[in-house]
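Remarks on the structure that follows.
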Amino acid sequence: MYRPQALIFDVDGTLADTERDGHRVAFNRAFGEAGLDWDWSVDLYGRLLNVTGGKERIQYFLDEFHRSFRRPEDLNGFIADLHRSKTRHYMRMMAEGAIPLRPGVRRLLEEARAAGVRLAIATTTTPENVTALIGSTLPAGAAGWFEVIGAGDIVERKKPAPDIYSWVLQQMGLKPREVMAFEDSAHGVTAAHQAGISQIVVTVNDYTRSQDFADATVVLDHLGERASPAKALAGEAPQDGVVNLSYLETLFNAERIAV
Ligand code: XBP
Ligand code: MG
């Protein structure tokens, strides 16, 4: 029986449902603080998620949804300031415990740790946001559970480009076929797949449920707990409804047999 050597997690939407009630709200608070009357509704934010990365998302909003805005001369500086303010608001919200981890996440992380399966993060969000979420939802020092945290501007091209996954794999000295990736969005799946990772577990949320996950190994509603079992939207859910190492090993080996 082969087992994955590492589990690589996306953060937003995967470890926690941070987009609608976390990032979106933090953006709006930053806009208000800057005296802007912009208000990103739940629906509009879903469309803005087409573009990953907060600075890139503000630029996309101006290009596609608010062309009449009189742009300041130093647009990049203006966006960077707004985004710094958004990050401050977001970190404050996380410190207040605004968003919990998704079902099964802590359980799987702890099981992997205990079994010596290496852990890493590959995300487009700002590094401070990752440590703020981990700090408010997991025991002290839990950022150290992750051997590598690949985040934000560390690579030039954000998801759906494969760069952040390739960077994490390189840092860990692992090949794509030795790992499993955990994602919530089509952009995330594309990034992992383009980096050569074929084992991709998707847990959807309201923003991503109807996206195309043809390259995923399995699509679930969440990672499952005994009291609220995981259900599959595509592929085989775990029999007991709980995504654990034994289930992941079954997926991992099924693919080897199929190849
Ligand atoms: C996450 C993102 C990020 C966050 C905002 O995508 O797209 O842009 O919404 O983060 P993924 P910043 O889950 O695919 O990594 O504002 O810090 O960029
Ligand atoms: Mg995500």
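Ignoring ligands, DNA and RNA, what percent of the 1.4 Å accessible area of the chain is carbon and sulfur? It would help to have the intermediate numbers written out before the result.
Working: 5700 of 11950 Å².
Carbon and sulfur atoms account for 48 percent of the accessible area of the chain.
Which of the aspartates and glutamates could a cross-linker bridge to Lys159, judged by Cα under 19 Å and excluding same-chain residues fewer than eight apart?
Of all the aspartates and glutamates, those that pass the test against Lys159 - Cα under 19 Å, at least 8 places apart if same chain - are Asp10, Asp12, Asp17, Glu19, Glu56, Glu128, Glu183, Asp184, Asp212, Asp215.
Quick one: helix 75-95 against the long Cα principal axis of the chain, what's the angle to the nearest 10°, folded into 0 to 90?
50 degrees
Enter the accessible area per residue of the chain (Å², integer; probe 1.4 Å; all protein chains in place).
Values: 11950 Å² over 259 residues.
Accessible area per residue, the chain: 46 Å².
Computed over the Cα atoms of segment 53-191, what is the convex hull's projected area averaged over all directions, in nm²? Walk me through the intermediate numbers first.
Numbers: hull surface 39.1 nm².
Its Cα hull, projected and averaged over all orientations, spans 9.8 nm².
Just going by the charge dipole of the chain, with Lys and Arg at +1 and Asp and Glu at -1 on Cβ, which of Val218, Leu7, Leu49 is farthest out on the positive end?
Among Val218, Leu7, Leu49, the one farthest towards the positive end of the dipole of the chain is Leu7.
Once you have the alpha carbon radius of gyration of the chain, what is it after dividing by 2.2 N^0.38 Å, with N set to its residue count? Could you put the intermediate results ahead of the total?
On the way: Rg = 18.3 Å, N = 259, 2.2 N^0.38 = 18.2 Å.
For the chain, the normalised Cα radius of gyration comes out at 1.01.
Computed on alpha carbon atoms, what radius of gyration and Dmax characterise segment 19-95, expressed in Å?
Cα radius of gyration and Dmax of segment 19-95 are 11.7, 36 Å respectively.
Could you sort 12-25, 29-42, 139-152 so that the peptide with the highest average Cβ count within 10 Å comes first and the rest follow in order? Let's see the in-between values first.
On the way: 12-25: 22.4, 29-42: 13.8, 139-152: 16.1.
Put in order of decreasing packing, that is 12-25, 139-152, 29-42.
On C-alpha positions alone, give me the angle between the axis of helix 54-64 and the longest principal axis of the chain, in degrees, nearest 10.
60 degrees
Nearest 10 degrees, 0 to 90: what angle lies between the long axis of helix 245-258 and the longest principal axis of the chain (Cα atoms)?
Once rounded, one gets 80 degrees.
The values are calculated or read from the model by the stated rules, or taken from the named source; none is laboratory data. Note that this is a predicted model, so its numbers are computed, not measured. Neighbour counts are summed over all protein chains in view; Cβ atoms, including those assigned to glycine, are modelled from backbone coordinates with ideal geometry. To get the accessible areas, we keep the full protein, side chains included, count just its heavy atoms, and leave off ligands, DNA and RNA. Shrake-Rupley method; radii C 1.70, N 1.55, O 1.52, S 1.80 Å.
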